[in-house]
Amino acid sequence: MIRKLAMALLTLFIVVTAARAEVPAIGSTAPEFSLPDQNGAARRLAEWRGKWVVLYFYPRDDTPGCTTEACSFRDDISQLTALGAQVVGVSVDDTVSHKAFAEKHQLPFPLLADATAAVARQYGALSDWLVVKVAKRYSFIVDPAGRIAKVYLSVDPARHSQEIVADLKALQGRTAGR
């Protein structure tokens, strides 16, 4: 019995590990996608070509860390827009959940529903436990040419938006005093 349980756990570990994708490398082309936003409109990464894109993956709508992160992006949206950036949130929640979350917190940017978790997997931002799939709190800055410019694998939801602002300035060769 113990041997069967050990084999089952080993098999589960192998399946979960094998399903993991690598995080795109800095300088590589950002994986393209098409996902519905909170209003049901199909959104593609390519529609923001020519702009900086802050693509952030988050675990769940309306949870404490995710709300803090989303509201920080909301509060800093004028700084991000002034830097030519488009903020885009992605989780495995559905469009109904995204719509309620966006309306409740007046989020002025698209939240994309990755219901199949395919995009989170492409970006290496998926925790897949077979019966439960959750996006990891990873973020990417995509440059105007569609390449990965910066990767964040350790995110503090309360500080992340300002970290992004500072990094966009650095990537664009701007100084904080300008």
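The values are calculated or read from the model by the stated rules, or taken from the named source; none is laboratory data. Everything quoted here is computed from the prediction, not taken from an experiment. Because the Cβ atoms are built from the backbone with ideal geometry, glycine has one as well, and the counts that use them run over all protein chains shown.
In the condition set (1) touching a His at 6+ places or on another chain (Cβ under 8 Å); (2) on the phi > 0 side of the Ramachandran plot, Ser91 is compliant with all but (2).
Of all positions in the range 74-93, at least one carries a residue that is among the polar types (S, T, N, Q) and more than 12 Å from Val54 (Cβ to Cβ). Taking the criterion of being of a type in the set (A, V, I, L, M) and within 14 Å of the chain's Cα centre (by Cα), the residues of the range 150-178 that qualify are Val151, Leu153, Val155, Ile164. Among the candidates Ala102, Ala113, the residue that is more than 19 Å from Trp52 (Cα to Cα), touching a helix residue (DSSP H, G or I) at 6+ places or on another chain (Cβ under 6 Å) and modelled with pLDDT of 95 or more is uniquely Ala113. Does any residue of the range 106-117 turn out to be over 19 Å from Thr29 (Cα atoms), free of Cβ contacts under 8 Å to residues at least 24 places away in the same chain and of a type in the set (D, E, K, R)? Scanning the range 106-117 turns up no residue that is over 19 Å from Thr29 (Cα atoms), free of Cβ contacts under 8 Å to residues at least 24 places away in the same chain and of a type in the set (D, E, K, R). Look at Arg121 and say whether it is touching a residue at least 12 places away in the same chain (Cβ under 8 Å), crowded, with 16+ Cβ neighbours inside 10 Å and among the basic types (Lys, Arg). Yes, satisfied. Evaluation of Leu112 against the conditions (1) in a strand (DSSP E or B); (2) out of contact with any Ser or Thr (no Cβ under 9 Å at 6 or more places or on another chain) shows that the sole unmet condition is (2). Only residues that are of a type in the set (S, T, N, Q) and surrounded by fewer than 19 Cβ atoms within 10 Å (Cβ to Cβ) were counted in the range 130-155, giving 1.
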